[in-house]
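Here the structure comes first, spelled out in structure tokens, and everything after it is commentary.
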Amino acid sequence: MENGPVYLSSFYRHSFFSVLIGNELGYNESQLKDLALGSLLHDLGKGLIPSDILNKPGRLAPHEFDEIKKHPYLGYKILKENSSFNEKILVIPLQHHERKDGNGYPLMLKGDSIHPYAKIVSIADMFSALTTDRVYRNKVSKFVAGEYLIDASNYALDKYLVNVFLYAILRDMKDTWVILSNGEMGKIISVNYKHPTRPKLAIYKGNEFISLKDLTKYPQIFIKDYLK
Ligand SMILES: [Fe+2]
């Protein structure tokens, strides 16, 4: 159903998305390499979390969540003690669950005290999770996932980086047929940089053109899915 990088296996997808963001930011070869390596290794510490907790469907008990919260530091520690990777790579496993409002873990860092690489991997990781089927829920389209990221950028994710990412993955969606949350169907006319999940649309009923619609003016309507 999905196209482009969304076909990649989930193991590589968040890494692909991370490098995509770094590339949009003009990172050089060495920075992109650090980002790629760090994002591939970001959840290494999960290997030390009991599998019954890690794979438990549904809500975790507080003590189980406390176990999960250990994985960033465990991953960092394994790499620090057993590899020669530099700190810029190690910061990714360590900080990828930090959130800008300070409600992340393990260090409860805030805002710009979180390393940009970790901010990027958080975005890529969340997007990758939302667009992949899980035991407890079905995947959502990249437009719906984009709306989640925008919402999360109010408290957890970096707003600017979320925008850079969403524009990079949605700007080529021009001429794509989409289904709106109100049941209407339309074709994307243009994607704008400021609101990449809210393009201008031509609304159709069957083959008949009905009207133009700028989704930035209809905050209650969103793109549910698109025809591939
Ligand atoms: Fe993680």
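The values are calculated or read from the model by the stated rules, or taken from the named source; none is laboratory data. Remember, it's a predicted structure, so these values are computed and weren't measured experimentally. Methodologically, a virtual Cβ is constructed for each residue, glycine included, from the backbone with ideal geometry; neighbour enumeration extends over all protein chains shown. Accessible surface areas use protein heavy atoms only, side chains included; no ligands, DNA or RNA. Shrake-Rupley method; radii C 1.70, N 1.55, O 1.52, S 1.80 Å.
Results, tabulated for the structure shown:
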| item | result |
| --- | --- |
| Heavy atoms of Ser211 accessible to a 1.4 Å probe, total area in Å² rounded to 10 | 50 |
| Long-range tail of P(r) for region 174-226 (Cα pairs > 15 Å, %) | 36 |
| Förster-model FRET efficiency, 25 Å R0, Asp172 and Tyr12, C-beta, rounded to 0.05 | 0.80 |
| Cα-based reach from Lys56 at 17 Å (exclusive), listing lysines while leaving out same-chain residues under 8 positions away | Lys46, Lys69, Lys70 |
| Those trypsin sites (Lys or Arg not before Pro) in region 96-131 that DSSP places in a loop and that have at most 15 other beta carbons within 10 Å | Lys110 |
| Contour excess over end-to-end distance, with Cα ends at Lys56 and Ser113 and 0.36 nm allotted per residue | 17.3 nm |
| Solvent accessible area, Å² - Met126, 1.4 Å probe, full protein context | 50 |
| Debye intensity ratio I(q)/I(0), log10, the chain, q values 0.08, 0.09, 0.17 Å⁻¹ (C-alpha model) | -0.33, -0.41, -1.23 |
| Distance (nanometres) between label positions extended 7 Å along Cα→Cβ at Lys205 and Asn23 | 4.3 |
| Average Cα contact separation per residue, the chain, under 8 Å, 6 or more apart, as relative contact order % | 15 |
| Mean ellipticity per residue at 222 nm, deg cm²/dmol - from DSSP H runs of n ≥ 4 across the chain, formula -39500 (n - 2.57) | -13000 deg cm²/dmol |
| Set Lys110/Lys139; Lys174/Lys205; Lys159/Lys228 screened for pairs whose C-alpha atoms are more than 22 Å apart | Lys110/Lys139; Lys159/Lys228 |
